[in-house]
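**Student:** Here you go, one structure.
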Amino acid sequence: MKKKWLVVMLFVFTSLLILAAPAAALEGNCGTISFTLTPEQGPAGTLVTANGSGVMADFPYGIYWESTSGNLLVSGTSNASGEFSADFNIPDGASLGAHDVVFWGTQETEEPAQCTRTFTVIAATASGGVQPDAYTSARTTLPSTGAFLLPVAGLLAAGAGMLLARRRR
C-alpha cells in the first residue's frame, strides 16, 4: 500500500512540475539578473533607459531589438557592483505594437543569461504627445507567473486522493 501512495505522490509532483514549467519559460533565463526599461511604451525613436543588476562585475553585455540576432541597440560593460545602465533609442522604423527588447549578458554565477522585456510602440499625436491605440490599452505589463495552475494541481491531488481512498475499500 505504501508503494501505491508513493507512486500517486510522485505522479502529482511530476504533474505540478510539468504544468509550472511553461510559466517560468515565458520570462526567459534571467537567473540573478534584474532588467527594466523606462519608459515601457512610446513612439518610434523614443529614448529608453535600461537598468539592471545581478550581472557579472566588469563584464560586457548587449541589448537587442526583437532578438539577439536582431539590431544591437546598445552594448556596454557592467560596473564593479554588477549593475548596468544604458540609454538607447527605439528604432525609427519600428511598427506599432509590442516588441521584445532583449538583454544578453552573464549572471553573477558566470552563467549566460538572456532576459526579455516588452516595449510597446504607439503612435505619436500631431501635438507631439503620445496617443495609445486600442491594442496598447488592452495589453498588460504584468508577468505571467503560472499561479493560475495552482487550482489544477489541487484538482490533481484531490483526484489522486479519491482514487487511493476508493482502492482501499
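Derivation of every value follows stated rules applied to the coordinates shown; laboratory data play no part. As the structure is a computational prediction, the values presented were derived from the model and not from experiment. Cβ coordinates were reconstructed from backbone atoms using ideal geometry, including for glycine residues, and neighbour counts include every protein chain displayed.
**Student:** Return Ile63, Ile122 ranked ascending by Cβ neighbour count within 10 Å, so the fewest neighbours appear first.
**Tutor:** Working: Ile63 26, Ile122 19.
Starting with the residue having the fewest Cβ neighbours, the order is Ile122, Ile63.
**Student:** Moving to a separate point now. Return the long-range amide H neighbours of Glu66 (sequence gap of 5 or more, or a different chain), with a cut-off of under 5 Å between placed amide H atoms.
**Tutor:** Those qualifying (amide H under 5 Å, at least 5 residues apart or on another chain) are Asp100, Val101, Val102.
**Student:** Quick one: which residues, 5+ away or cross-chain, put their amide H under 5 Å from the amide H of Val74? H built at 1.01 Å from N.
**Tutor:** Ile63
**Student:** Now for a different question. Convert each backbone phi in segment 74-83 into a coupling constant with the Karplus relation 6.51 cos²θ - 1.76 cosθ + 1.60 (shift: θ = phi - 60°), then list the ³J(HN,Hα) values in order as whole Hz, x for Gly and Pro.
**Tutor:** Working through the residues one at a time gives 6, 9, x, 10, 5, 7, 5, 8, x, 10 Hz.
**Student:** Taking amide H positions as placed in the peptide plane 1.01 Å from N, state which residues far from Gln107 in sequence (5 or more) or on other chains have amide H under 5 Å from it.
**Tutor:** Met56, Ala113
**Student:** What is the packing order of peptides 68-74, 103-109, taking the mean over residues of other C-beta atoms within 10 Å and listing the highest first?
**Tutor:** Numbers: 68-74: 13.3, 103-109: 18.9.
Taking the mean over residues of other Cβ atoms within 10 Å, the ranking is 103-109, 68-74.
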